[in-house]
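Have a look at the structure below, then the notes.
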Amino acid sequence: MNPINVLLQTTIETTDNDWHIGRFSLLRDLLASLKDAEGRPLFAVTARDRGPVGRPDPVLSTLADSDYDQVWLFAVDTGDGLHAQDRAGLEAFHRRGGGLMLTRDHMDLGCSICSLDVLGGLHLFHSHNREAGSAPPAPDDRGTPAILWPNFHSGANGDAQRITIEGERHPVLEGVDYLPAHPHEGAVTAPAHSSSARVIATGISKATGQRFNLAVAVAPSDGHGPAIAQSTFHHFADYNWDPAMGCPDFVSEAPGDGLAANPEAARSVRRYAGNVARWLGGR
C-alpha cells in the first residue's frame, strides 16, 4: 500500500521571526516516522510555507490536481494568507475527497480561512464569522491585554491540558486524554446547519473556568473529505511540545514544563497527531 501523501502548509511566506513551517518540525518528523504493520512508511510528508502573498500559491491553488491525500493548513497570517485561487484550490480538493486539518490561533489570527466553503464556518474570529451585529464576548485570558476574544487560557506554552471527550469518543481521540496548553486559544464550533460536524473535545479555561471547544470533526459526506477544525496551531507547534525549540520574539508569556514532566501527556499529544493523520487518510 502506498504511503498517504500529507502536505503541512502555512499561510505565510517563510519569515524567520514568525510561525513558519520550520516551527512544526517535530510534527513533520513524527508523521514521517510512523509505519504500517509491515514496517513501511505510513506517510510521505511535504512541509512548506506559502509563496509570495498577493498572488496564487503554486501548490494551494492547484490542490485538486495534486497527488496529496490530506492537507494540514496552519493559518498563521493576519488576514492575507490565502488568495482567492488558493481558497478555490482548497475547496476543490475537499470536494474531491481530500482530508483537511484547519487550525488558527487567537483573535483574528488566521482569519484568511473564514470564507472557505463548508469548512470556514467552523472557525470563529474576533471580527469574522460571529453572529451579524453582535459584539465580541469579553476576553478570557487577561494576561496579554492586547489579545482579545477568542483567547481561551488553557495554560502556559509547554504545559499540558486534560481534555474532556464530547459524546462518543471519536477515532482521533483513541488513547488521547491530553493536548498541549496555550495561553490564548481560538474558537471553533459545529454549525447547527451541519449534520456532519460535531465537537469532539473541549477544554476548561484556567482564567475563568469557562468550557471551550478544542476540536470539531467533520465526517466525509457528499463526496467531501473528512476534516478537523482545531482551536489553535499551538497544539502542533514545536515550542508547545518542547519550549527549548524556541519561538518568535513577540511571544511574551513565560513557558511551562508540564508536558515534559508528564510522560502520559507527551504520549497523548503525539498519539493525537498520528490519529488525525490516519483518520484524514482513511486508515
Practice prompt. Looking only at segment 44-94, count how many residues are of a type in the set (Gly, Ala, Ser), surrounded by fewer than 24 Cβ atoms within 10 Å (Cβ to Cβ) and in contact with a Lys or Arg (Cβ under 7 Å, 6 or more places away or on another chain).
Written response: 2
Worksheet item: THR202 fails exactly one of the following numbered conditions: (1) polar (S, T, N, Q); (2) assigned to a loop (DSSP other than H, G, I, E, B); (3) over 17 Å from GLY121 (Cα atoms). What is the number of that condition?
Response: (2)
Response to the item:
Going through segment 168-199 in order, the residues found to be assigned to a strand (DSSP E or B) and either in contact with a Ser or Thr (Cβ under 8 Å, 6 or more places away or on another chain) or farther than 25 Å from ARG142 by Cβ (or both) are TYR178, LEU179, GLU185, ALA187, VAL188, ALA197, ARG198, VAL199
Discussion item. Of a type in the set (Asp, Glu) and closer than 19 Å to ASP105 by Cβ: is that true of GLU38 in this structure?
Written reply: no
Worksheet item: In segment 45-71, what count of residues is obtained for those that are under 19 Å from GLY22 (Cβ atoms) and either of a type in the set (Gly, Ala, Ser) or at pLDDT below 95 (or both)?
Response: 2
Worksheet, complete the sentence: (1) at pLDDT below 95; (2) within 21 Å of LEU100 (Cα to Cα) all hold for PRO136 apart from (2)
Worksheet item: Residues in segment 40-51: is at least one of a type in the set (Phe, Trp, Tyr), more than 15 Å from the chain's Cα centre (by Cα) and more than 24 Å from LEU124 (Cα to Cα)?
Response: yes
Practice prompt. Test each condition in (1) under 17 Å from GLY98 (Cα atoms); (2) in contact with a Leu (Cβ under 9 Å, 6 or more places away or on another chain) for THR202 and report the one that comes out false.
Written response: (1)
Worksheet entry | Those residues of segment 214-233 which are among the aliphatic types (A, V, I, L, M) and either touching a residue at least 24 places away in the same chain (Cβ under 8 Å) or in a strand (DSSP E or B) (or both), in sequence order | LEU214, ALA215, VAL216, ALA217, VAL218, ALA227, ILE228, ALA229
Worksheet item: Only one of (1) closer than 26 Å to GLY274 by Cα; (2) free of Cβ contacts under 8 Å to residues at least 40 places away in the same chain; (3) of a type in the set (Ser, Thr, Tyr) fails for THR103. Which number is that?
Response: (2)
Discussion item. Checking ASN157 against (1) within 30 Å of ALA92 (Cβ to Cβ); (2) of a type outside the set (A, V, I, L, M, F, W, C); (3) touching a strand residue (DSSP E or B) at 6+ places or on another chain (Cβ under 9 Å); (4) touching a residue at least 12 places away in the same chain (Cβ under 8 Å): exactly one of these is not met. Which one?
Written reply: (1)
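The values are calculated or read from the model by the stated rules, or taken from the named source; none is laboratory data. Keep in mind that this is a model prediction, so the values were computed, not measured. Don't worry about glycine lacking a Cβ; one is built from the backbone with ideal geometry, like all the others, and counts go over all protein chains shown.
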